[in-house]
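Right, one structure below, let's go through it.
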Amino acid sequence: DQKHNIIPLGRELEYIRNYLMIVQIRDPELFTFELNAQPEAEKCLIPKLTLQPIVENSILHGFKEKMSRRRLTVNAAVEHGRLEYVRQSLELEESLGRSASIGLNNVSERCQLYFGESFSMEIHSRRGTGTRVTLNATAIYGEGEEHDTSGHY
């Protein structure tokens, strides 16, 4: 649906929450999750299915081993007119595999097309501790109108 390829971050977080609840029905002991977003960040527009592939990769590649503490956290905030959303999984034992890197490349390319030069992606991973993926871009609201108040995505 080309008409609805750009959605509010809040809607993307709803999709993720529903997906995570389904995964937990199948395996309630696999991990815990937390989704946190400032109300202002929830209104920011992003390409549909931006965070979903990152969340799926964290489950498929990061939670293979049975470990005592597995947690997936998504945080979204707006600071200085920029939107920052972070996915972090703790106790990640597997390094990112080929399919994970393909998914991250696709997300990066789609966001680069939408946000342009303001978009950046950082990945920090430490075996046995976790992986943090940070996506950062200019906050866009409504009909493509940029918002200059404090914020990060």
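Would you be able to tell me the number of residues in segment 1-12 that are outside any loop (DSSP other than H, G, I, E, B) and open to solvent by less than 80 Å² (accessible area, probe 1.4 Å)?
Going residue by residue through segment 1-12, those that are outside any loop (DSSP other than H, G, I, E, B) are 2-4, 6-12.
Those still in the list that are open to solvent by less than 80 Å² (accessible area, probe 1.4 Å) too: 6-10, 12.
Total satisfying the criteria: 6.
Filter segment 46-62 down to the residues that are open to solvent by 10 Å² or more (accessible area, probe 1.4 Å) and of a type in the set (S, T, N, Q) and list them by number.
Correct list: Q52, N57.
Could you go through segment 13-31 and let me know if any residue there is within 18 Å of the chain's Cα centre (by Cα), more than 22 Å from R110 (Cβ to Cβ), hydroxyl-bearing (S, T, Y) and open to solvent by less than 90 Å² (accessible area, probe 1.4 Å).
no
The values are calculated or read from the model by the stated rules, or taken from the named source; none is laboratory data. Since the model is a prediction, treat every value here as computed from it, not as a measurement. Don't worry about glycine lacking a Cβ; one is built from the backbone with ideal geometry, like all the others, and counts go over all protein chains shown. Accessible surface areas use protein heavy atoms only, side chains included; no ligands, DNA or RNA. Shrake-Rupley method; radii C 1.70, N 1.55, O 1.52, S 1.80 Å.
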